[in-house]
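Reviewing the structure listed below.
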Amino acid sequence: MQLIRKRWWLVVILVAVALGVAGFMAQDGVATESGTIARVRRGPFTVTVTTSGELRALKFVEITVPEGAQQAGAYEMKIASIVPEGTVVKAGDLVAELDRATLANSMTEVNLALQKASALNEQAMLDSALNLSKAREEMRTMELGLEEKTLAKQQAAFEAPTVRRQAEIDLEKAQRALAQAKLDYKTRTEQAQAKMREVGADFARQQNKLQAIQDFMAKFTITAPAPGMVIYTKEWNGKKRATGSRVSAWDPLVATLPDLTQMESITYVNEIDVRKVAVGQAVSLTLDSDPTKRLTGKVTTVANVGEQRPNTDAKVFEVRVTVTESDTTLRPGMTTSNAIETYRAADALVVPLEAVNSEGGVPFVYRRRDGSVTMQEIVTGPMNDDEVVIAKGLVDEDEVLLMPPGDAADLTIERLPDSPIRETPAGSDSAPPPKAPTSDSVALPPAALPTAPTKP
C-alpha cells in the first residue's frame, strides 16, 4: 500500500515538472516571437540631423597686431608671449608681445641705407657748390676778357680797316662766349638743384622708413582695447594662436574678447544631409562637458558652398546655430551636440526600419493578422535613424515582423489597389532594382501624408 502511494506521488511530481517545463518553453517561445514582432505606432514623428559643433560668441572685440606693418616692411611677425587663454583683462592690460627680432635686420639695413643716402646728399651739395663756384669764376674771367676786347676795339679806331675789323670780331666772340657762359651757369644750377632733390628724396625716404620701423616696434606690446575674457583665434589649419605663432598684415587677428551673453554653435553638415537643413529650423543642443544641460537654438545660416575640413575627405557645409538661452557658464570653444529638427509630424503611422523590405522596387512588410503572415505592399514617407512613416498599406496596431518568416519564399506581395509602382511585365527577364527607403523619401505627394508641416 505504501509502495502504491509513493508511486502515485512520484507520478504527480513528474506531471508537475513536465507542466512547468512546457510552460517555461511556451513563455520562452512567446518572448522569442514577440522579439521579432512590432506594432504599427501612431504618434509624433521627427527627423533630426545630429552634428557636433563649437560655441562661439556672436559679438566680439578683435585684438590685432598694430597698424603700420606694411609701411614698416613687417609682413610676418612671431608672437613672443601671450597671456593664457581665458584670462579676464581690463582695457589697457597686456595681452601679447611680438618678437622684435623680426625687424632687427630690417632696421640694420635701413640704417645703412640712411647713412649712404646722407653721404650722397652731402656729396651732391659739395659737388654743386664746387661746380657753380668754378662756373662763376669762368664768367668773371670772360667779363674781364670782354672789357679788354672793348678797349682794343676803341684803340683800333685809327688803324687800318683790317685791324679794326679784327678787333670787332674779337669783341663779338667775347660777348657771345660770355652770354653762353651765363646760359650754361643757369643750366648747371638747375642740374645741381635736381641732383639735390633726388638725393634728398632718397634720404627722406630712408628717414621715414626708419621712423616707421621705430614707431611700429614701439607698438609690439599689444594691449586689450576693451575689458573681457581673452580667447585665442584659430589659424587656417584649425590650431589656436599660441607663443611662437605667426601673424601678418593679411592675417592680423591675435585673440578676441567675446560677448558671452550671446552665443552661437558653429557646426558642419555633410553634403548628404545639408539639403534637409534650412534657416529657421529648431535645434536641441547639449554640452559635451555637461550632458545634463540642454539648450535650444535656431539655424541662422547655411553655407551655399561646401568646403573640406582638415583631416577629412568628405565635403561639408558650415551651419550656424544661435543659442536662444543666455547662460553665464557657456564659454567659447565648448563642444556641443546639435540635433537639428528637419521634419516633424504631430500624428503619423510609423514602424521600425527593420520591418521594411523591398522586392523588385516594391516596398513591403511582413504583416501578421489572425495568426497568418502576408507580404503587404506599403507606401513609405520620411524616415529617421530608427523608424519610417507609413503613408499607405497599414493601419494602427497592425503587427509586422522584423525578420522574414520561414516560409517567406512561398509568399507573394499583396499589392495596393492604387499602387504607385507599375507591375513588372510578365515574361520580362529584368526587374527594376530594389529601392530602399531613404530619410526623405516620400512615395506620395506631401498632401497625402498624415503629417504636419515642418516646425520652424
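Structural remarks
- Label separation (L120 vs S52): 6.0 nm, computed from points 7 Å beyond Cα along the C-beta direction.
- Measuring against 27 Å, Cα to Cα, the residue pairs K298/K392; K276/K392; K240/K276; K78/K234; K59/K90 contain K298/K392; K240/K276 as the ones spanning a longer distance.
- The spacing between segment 351-417 and segment 279-344, judged by their C-alpha centroids, is 36 Å.
- Here the extension length gained between E168 and K293 equals 33.4 nm, from 0.36 nm per residue of separation less the Cα-Cα distance.
- Highest-first arrangement of 98-104, 47-53, 386-392, where packing means the average Cβ count within 10 Å: 386-392, 47-53, 98-104
- Net lengthening on full extension, Q211/D370 (0.36 nm per residue, minus Cα-Cα): 47.6 nm
- Remark: Y232, Y75 ranked as Y75, Y232, counting other beta-carbon atoms within 10 Å and listing the fewest first.
- The lysines within cross-link reach of K173, meaning a Cα-to-Cα straight distance under 22 Å and a gap of 8 or more places when in the same chain, are K134, K149, K153, K182, K186.
- Structural descriptor for segment 105-217: relative contact order 49 percent, calculated from alpha carbon pairs under 8 angstrom and at least 6 residues apart.
- N131/D259 FRET efficiency (R0 60 Å; Cβ-Cβ; nearest 0.05): 0.30
- Across segment 112-117, rounded Karplus estimates of 3J(HN,Hα) from the backbone phi angles (6.51 cos²θ - 1.76 cosθ + 1.60, θ = phi - 60°) give 5, 5, 5, 5, 5, 5 Hz, Gly and Pro being marked x.
- Note on segment 105-217: Rg/Rh from Cα positions, Kirkwood definition for Rh, rounded to two decimals, is 1.40.
- Straight-distance crosslink candidates among lysines, where the alpha carbon sits under 20 Å from K209 and sequence neighbours closer than 8 are dropped: K116, K219
Since every read-out is calculated from the coordinates, none of them should be taken as a lab result. It should be emphasised that the depicted structure is a prediction, and the values quoted were computed from it without experimental measurement. Cβ atoms come from the backbone with ideal geometry, glycine included; neighbour counts cover every protein chain shown.
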